[in-house]
Amino acid sequence: MRLTVKICGVRSPEVVETAVVGGARAIGLVFYPKSPRAVGPMAAAQLSRLTPMTVRVVGLFVDPGDEELGETVERVPLDMLQLHGAETPERVAAIREAYGVPVMKAIRVAEAADLDRAAEYQSVADWLLFDAKPPANVAALPGGTGLSFDWSLLAGRSWSVPWMLAGGLKAETLAKAVQVTGAAAVDVSSGVETRPGIKDPSLIWSFLDTARNL
């Protein structure tokens, strides 16, 4: 089965084109103002419309309010909402019902106990995403940190919904990450950048080429 790849933190038409031509199955648009990968609704709408229907457009939010979500969903064509904050299962369910769009819930992982939280979201989220828990620093971003976690924590685990692996992935580490975790879908951001927020088409192509050959 072909590995599904999502390129997150897309900010330019060039990166959209590279991701699409290279075989990515999804792109991520970040709506978190503190992130160096953040895009505004106008730019995001343009990027979404440049993306063919065969590639899923995912909007990433961190503890969004109803007003923020409503305005963004109204202006930007999105195929999925990725919730990367401290959203409760009840909040995830409410968002999913209110906007009629599939929802992916990110679970921040540092130890085995963190995976237990995933069970709480299986009935309210369409996808789960396992990412590295950021350091205990108020300035730390909730994702896209370039950090990975102990992949063996996922070995042999399964959930009732599809899931995606994230956290410090690069072309050089992708094969091992998939082998250890059994992931069928992966999400990459910092691993295809020259610096935070600046995607490198050659790194994207290398990552996607590696994914095709697994």
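A short reminder: the numbers here are calculations on the coordinates, not readings from a lab. Quick caveat, the model's predicted, so the values are computed rather than measured. Methodologically, a virtual Cβ is constructed for each residue, glycine included, from the backbone with ideal geometry; neighbour enumeration extends over all protein chains shown.
Key figures for this structure:
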{"quantity": "In sequence order, calculated HN-Hα J values of the stretch 33-47 (Karplus, 6.51, -1.76, 1.60; Hz; x Gly/Pro)", "calculated": "x, 6, 7, x, 9, 5, 10, x, x, 5, 5, 5, 4, 5, 4"}
{"quantity": "Ascending count of other beta-carbon atoms within 10 Å, so fewest first, for LEU69, LEU81, LEU29", "calculated": "LEU69, LEU81, LEU29"}
{"quantity": "Cβ-based exposure ranking for ILE107, ILE198, in which fewest neighbours within 10 Å come first", "calculated": "ILE198, ILE107"}
{"quantity": "Reachable aspartates and glutamates from LYS176, criterion Cα separation under 13 angstrom, eight or more residues apart if same chain", "calculated": "ASP150"}
{"quantity": "Under 5 Å, built H, 5+ apart or other chain: amide partners of ASP200", "calculated": "GLU193, THR194"}
{"quantity": "Built amide H within the under 5 Å cut-off of LEU129, gap 5+", "calculated": "LYS105, ALA106, ILE107, MET164"}
{"quantity": "Note, ³J(HN,Hα) from phi for the stretch 64-75, Karplus 6.51, -1.76, 1.60, rounded to Hz, x at Gly and Pro", "calculated": "x, x, 5, 5, 4, 5, x, 5, 5, 5, 5, 9"}
{"quantity": "J(HN,Hα) series, the stretch 207-214, from Karplus relation 6.51 cos²θ - 1.76 cosθ + 1.60, nearest Hz, glycine and proline x", "calculated": "5, 5, 5, 4, 4, 5, 8, 6"}
{"quantity": "Charge-dipole axis of the stretch 4-212 as Lys and Arg at +1 and Asp and Glu at -1 on Cβ define it, positive-most pick from GLY22, SER148, ALA98", "calculated": "GLY22"}
{"quantity": "Ranking of ILE7, ILE27 by count of other Cβ atoms within 10 Å, fewest first", "calculated": "ILE27, ILE7"}
{"quantity": "18 Å Cα-Cα reach of LYS6 towards aspartates and glutamates, excluding residues that sit fewer than 8 places from it in its own chain", "calculated": "GLU14, GLU17, ASP79, ASP126, ASP131, GLU172, ASP187, GLU193, ASP200, ASP209"}
{"quantity": "Relative frequency of Cα-Cα separations exceeding 25 Å in the chain, percent", "calculated": "32 percent"}
{"quantity": "Debye, to nearest 20: dipole size of the chain, +1 on Lys, Arg Cβ, -1 on Asp, Glu Cβ", "calculated": "580 debye"}
{"quantity": "Per-residue [θ]222 nm for the chain (sum of -39500 (n - 2.57) over DSSP H runs n ≥ 4, rounded to 500)", "calculated": "-9500 deg cm²/dmol"}
{"quantity": "Relative contact order, percent, the chain [alpha-carbon distance under 8 Å, six or more residues apart]", "calculated": "21 percent"}
{"quantity": "Cα gyration tensor shape for the stretch 69-137, rounded if a/c is under 1.5, else prolate or oblate", "calculated": "prolate"}
